Amino acid sequence: MAQRVLPEWSGPELIHVKAGQAVMSFGYNMYVRTRTQETDQYIQRAVDRAAEADGEPCSRRTEFPDPEAASLAVKDKAREFGADQVGITHVDQYHVYKGADLPHKNAIVIAVAMDYDAIMQSPSTVSMEEIMRIYDATGRIAADLAGWIRGRGYPARTHTLRFD
């Protein structure tokens, strides 16, 4: 099967490609390849977790002593939930897809290590299962962290890959 080539982006705006286009274009066609039961479970949990992406913050805010303490508390909580790495950065609207509603000033970025041997088998059923395991894990961590932040009285919304 010939690999599809996406046209280079050369415009002034980031345009969001349709669901699944990016992964299919690079050989990770999860819609055609044989999937394991575990992969299907990871996918289903990601879909089910969508309802946890957003919510109202608690009406009673628990203040942090200063921005550094807030950053440290968020990073510690993300690691407690399972993140291997976590960082906090300013959201630059230049990097937000055209038409996307992203009102928050800051983003928390989490990472979870993948199994090297499984990923080295890409593209394969083994690597796809590992990819979906990580999507599931990071989605769970993001949802738990956003819930914890909202529980402290601050707005928080998860943004996960979910095949887009």
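On a full-extension model of 0.36 nm per residue, what is the gain between ARG61 and TYR97, subtracting their alpha-carbon distance, rounded to one decimal in nm?
Numbers: separation 36, 0.36 × 36 = 12.96 nm, distance 3.10 nm.
Contour length minus the Cα-Cα distance gives 9.9 nm.
The 3J(HN,Hα) values that the Karplus relation (6.51, -1.76, 1.60; θ = phi - 60°) gives for the range 99-104 are, in residue order, x, 7, 8, 10, x, 6 Hz. Gly and Pro appear as x.
For the peptides 55-63, 150-158, the ranking by packing is 150-158, 55-63, with the highest mean count of neighbouring Cβ atoms within 10 Å listed first. Listed by chain and number, the aspartates and glutamates whose alpha-carbon sits under 13 Å from that of LYS105, ignoring those within fewer than 8 places in the same chain, are ASP92. Listed by chain and number, the aspartates and glutamates whose alpha-carbon sits under 19 Å from that of LYS77, ignoring those within fewer than 8 places in the same chain, are GLU52, ASP54, GLU63, ASP66, GLU68, ASP136, ASP144.
For the range 120-141 versus the range 32-83, the spacing of their alpha-carbon centroids is 17 Å. All other residues whose Cβ lies under 14 angstrom from that of ARG60 are scored, Lys and Arg at +1 and Asp and Glu at -1, for a net of +1.
Listed by chain and number, the aspartates and glutamates whose C-alpha is less than 12 Å from the C-alpha of LYS75, apart from same-chain residues fewer than 8 away, are ASP84.
Bear in mind these aren't lab numbers, they're just calculated from the coordinates by the rules spelled out. What you see is a predicted model; the values in this text were computed from it and never measured. Reconstructed Cβ throughout: ideal geometry from the backbone, glycine too, with neighbour counts over all protein chains shown.
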